[in-house]
Amino acid sequence: MTDVDMIVIGAGAIGLACAAELARRGHETYVLESARAIGTGTSSRNSEVIHAGLYYRTGSLRHRLCVSGRRKLYAYLAQHTIPHKRTGKLIVSTDPSQQETLESLFAQGRHNDVEGLRMLSASEARKLEPRLRCDTALLSEETGLIDSHTFMATLRNELEDHGGNVLFDATVLEMRILPDGRFELSVGGREPYTITTRHLINSAGLHAHGLAARMEGYDTSLLPGFKLAKGNYFSCQSRPSFSRLIYPVPVVGGLGIHVTLDLAGQMRFGPDVEWLDHNDPDRVDYHVDPERSESFYEAVRAYWPGLPDGAIVPDYSGCRPKLAGPNEPAADFRIDGPALHGYEGLVHLFGIESPGLTSSLAIADHVADALRTYPV
């Protein structure tokens, strides 16, 4: 049995950001990762979009951490020369019934202190993107793209530079709260072991809820709801037609099937929202059904009528750890620290879906601040 100061479960973008920040603050920090590489889960199955922060309820964690995190992220990316691009995006209305929603988004963004927002007429939007069809559009100049893998590798390097480490093939099987306030973890892998820690950050992504539910001594009535929603992506085989991201007005459970780009300018579409009939992350099938392309063509042609037949092919999919189900209001992030459950040194991260990647550095600060009154 080994006793350490700080353990973070999960080597995705959030876990690595938390670990790097805690190590900078002087904590002996280890990350336990069930896979054999960093960022193999949700962090590698998203749009790699840097969100501006206009969609989220003013004052919510998603609002505050997205706006703060986006500003921190752009500065961090520039400092470490990590590939990224401030592309901007257009959110478009293609039907008069959507106009009120678009105007509400604009007002929400202004309330959220988001910079670079501007309402555009159809002709103004087409001057920016000639192939676009819309009635009106909302320009978000602060939206961008990130090379998430280089970002995560940089965070890992920072962790190691400050004396921390990522332990791979380290699946956490059981957790328990000890009488002295420490936490004991049983870890599987090729050579199973037990480890104790004074501080524990549960950043296990899709598995965070299940781990907390199995934590011996933890009050499970404190856990939020949990629902899985898959998002599918299709790549576009035709030449790029847009230089900015193109989004429709939001839909229940997501932001709608949008045109996103990679840093080389290649287009892809997605994600859609496919609610799963189970809540088991180990049963998620990441195969993209080619038959879903019909709904993608319909959605994209609402704002890009020129999408050619046969231009899209299945690409990849991801899964969102939702805290609310279909037709329910979108849930906020849950960062459950000592103020909620009373255990010094314990933080659970639940429902960290979009804009989690954008918010990662701000989430790390939030988590570290929740523990700052406890000794190093």
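The values are calculated or read from the model by the stated rules, or taken from the named source; none is laboratory data. Here the structure is a predicted model, which means the values were calculated and not measured. Using ideal geometry, Cβ is built from the backbone for each residue, glycine included, and neighbour counts are taken over all protein chains shown. Heavy atoms of the whole protein, side chains included, go into the accessibility calculation; ligands, DNA and RNA do not. Shrake-Rupley method; radii C 1.70, N 1.55, O 1.52, S 1.80 Å.
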Exercise for the section: Two decimals is fine: what's Rg over Rh for the chain, C-alpha atoms, Kirkwood radius as Rh? Expected result: 0.98
Completion exercise
Plugging the Cβ-Cβ distance of Q79 and E294 into 1/(1 + (r/R0)^6) at R0 = 45 Å yields, to the nearest 0.05, a FRET efficiency of 0.50
Handout entry: the chain: relative contact order in percent, alpha carbon pairs under 8 Å with at least 6 residues between
Key = 24 percent
Fill in the blank from the handout: In the neighbourhood of V187 defined by beta carbon distances under 10 Å, the net charge of the other residues (Lys, Arg +1; Asp, Glu -1) is -3
Completion exercise
Yeah, region 9-49 with a ≥ b ≥ c from its alpha-carbon gyration tensor (a/c under 1.5 is rounded, else prolate when a/b outruns b/c, oblate otherwise) is oblate
Practice task
Taking a cut-off of 21 Å between Cα atoms, list the lysines near K227, but don't count ones fewer than 8 places away on the same chain.
Solution key: K322
Practice task
Counting only heavy atoms of the protein chains, get the accessible area per residue of the chain (1.4 Å probe) and round it to a whole Å² value.
Solution key: 42 Å²
Problem - region 157-236: radius of gyration over Cα atoms, expressed as a fraction of 2.2 N^0.38 Å - result: 1.37
Completion exercise
Working note, region 256-352: Cα radius of gyration (Å, one decimal) and Dmax (Å, whole number) are 18.1, 58
Problem - GNM flexibility winner over the chain from L105, L276, L340 (Cα, springs under 10 Å) - result: L340
Exercise for the section: Quick one: accessible surface of M152, probe radius 1.4 Å, all protein chains present, in square angstrom to the nearest 10. Expected result: 0 Å²
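Using a 1.4 Å probe on the protein heavy atoms, what percent of the accessible area of region 261-376 belongs to carbon and sulfur? Write out the running numbers ahead of the final one.
On the way: 2480 of 5240 Å².
Taking all protein chains in place, region 261-376 shows 47 percent carbon and sulfur surface.
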Handout entry: Rg [Å, one decimal], Dmax [Å, integer] - region 128-192, C-alpha atoms
Key = 22.6, 65
Practice task
Roll a 1.4 angstrom probe over the protein heavy atoms and tell me the percent of accessible area of region 1-100 that is carbon or sulfur.
Solution key: 47 percent
Fill in the blank from the handout: Per 10 angstrom bin, beginning at 0 and ending with the bin that holds the maximum distance, the Cα pairs of region 212-300 fall in percents of 14, 37, 26, 14, 8, 1
Completion exercise
Residue by residue through region 267-282, the couplings from Karplus 6.51 cos²θ - 1.76 cosθ + 1.60 with θ = phi - 60°, in Hz, x for Gly and Pro, are 8, 9, 10, x, x, 8, 10, 10, 5, 8, 8, 8, 10, 9, x, 6
Exercise for the section: Kindly provide the pair-distance distribution of region 67-221 built from C-alpha pairs, with 10 Å bins from 0 and whole-percent values in order of increasing distance. Expected result: 9, 23, 21, 21, 17, 9, 1
Fill in the blank from the handout: GNM on the chain, Cα springs under 10 Å; top mean-square fluctuation among C134, C66, C18 goes to C134
Completion exercise
Listed by chain and number, the lysines with an alpha carbon less than 25 angstrom from that of K127, same-chain partners under 8 positions apart left out, are K85, K89
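What does the convex hull of the Cα atoms come to per residue for region 270-317, in Å³?
That works out to 82 Å³ per residue.
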Exercise for the section: Would you mind classifying region 102-155 by shape? Square roots of the alpha carbon gyration tensor eigenvalues, ordered a ≥ b ≥ c; an a/c under 1.5 is rounded, otherwise it is prolate if a/b is larger than b/c and oblate if not. Expected result: oblate
Handout entry: Additional length obtainable on full extension of the chain from A153 to T194, 0.36 nm per residue less Cα span
Key = 12.0 nm
Exercise for the section: Quick one: what are the phi-derived ³J(HN,Hα) couplings along region 357-369, Karplus 6.51/-1.76/1.60 with θ = phi - 60°, whole Hz, x for glycine and proline? Expected result: 4, 4, 7, 4, 5, 6, 4, 4, 4, 4, 5, 4, 5
Completion exercise
Candidate cut points under trypsin sites (Lys or Arg not before Pro) in region 106-215, DSSP loop plus at most 14 other Cβ atoms within 10 Å of their own Cβ, are R131, R190, R214
